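All of the numbers you see were taken from the coordinates with simple rules; none came from a lab. Values in this document were obtained by computation on a predicted structure and should not be read as measured data. All Cβ positions, glycine included, derive from the backbone under ideal geometry; neighbour counts span all protein chains shown.
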Amino acid sequence: MSKKLEGNGLFESSRMMLPEHREAYIRHQRQLVRRTPPLIDPQAAEEMSRILASALQGKVLVAITLFDEKENVRLTGHVLRIDMSRRQIRLRKADDGETEWIRLDQIIDIVAESGI
């Protein structure tokens, strides 16, 4: 018998991958790797709550970084309400004026925007 037909020889010599299969494989590999949220230092959490409280009282523009499994999301806007019972804040976005509820456990960083 020919060497090509021994073992996996026939398939070894004719391996090929379609672009659709490659893209599906890459998507599948990205789904397997899940990011974990960073641990927030208690001192940083206290500073973020202070910034939230002052933003609510002073109508200061804030930039909030939210954790997402794919990549972090940054929102800029005004804090309208803090609901501690539901552990959420209400944010009016600066870019389109729409309001959105944000869970406090999603927030990984808050910065008060200056000069606006």
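Report ³J(HN,Hα) in whole Hz for each residue of the range 93-103, in order, from the Karplus equation J = 6.51 cos²θ - 1.76 cosθ + 1.60 where θ = phi - 60°; Gly and Pro get x.
In residue order, the calculated couplings are 5, 6, 6, 10, x, 6, 9, 8, 7, 10, 6 Hz.
Could you compute the net charge surrounding P38? Neighbours are other residues with a C-beta less than 14 Å from the C-beta of P38; K and R count +1, D and E count -1.
-4
Between beta-carbons, use under 14 Å as the cut-off and find the net charge around K59, counting Lys and Arg +1, Asp and Glu -1.
Numbers: positive: R81, R90, R92; negative: E113.
Net local charge, K59 excluded: +2.
In whole Hz, what ³J(HN,Hα) sequence does the range 72-89 give by Karplus (6.51, -1.76, 1.60; θ = phi - 60°), x for Gly and Pro?
Running phi through 6.51 cos²θ - 1.76 cosθ + 1.60 with θ = phi - 60° gives 5, 10, 10, 10, 10, x, 10, 7, 9, 7, 10, 10, 6, 5, 9, 6, 9, 10 Hz.
What net charge is computed for the residues neighbouring R103, neighbours being all others with C-beta under 11 Å from the C-beta of R103, Lys and Arg scored +1, Asp and Glu -1?
Summing Lys/Arg as +1 and Asp/Glu as -1 gives -1.
If amide H atoms are built 1.01 Å from N in the plane of the peptide, which residues on other chains or at least 5 residues away come under 5 Å of the amide H of D109?
Residues meeting the amide H criterion: T65.
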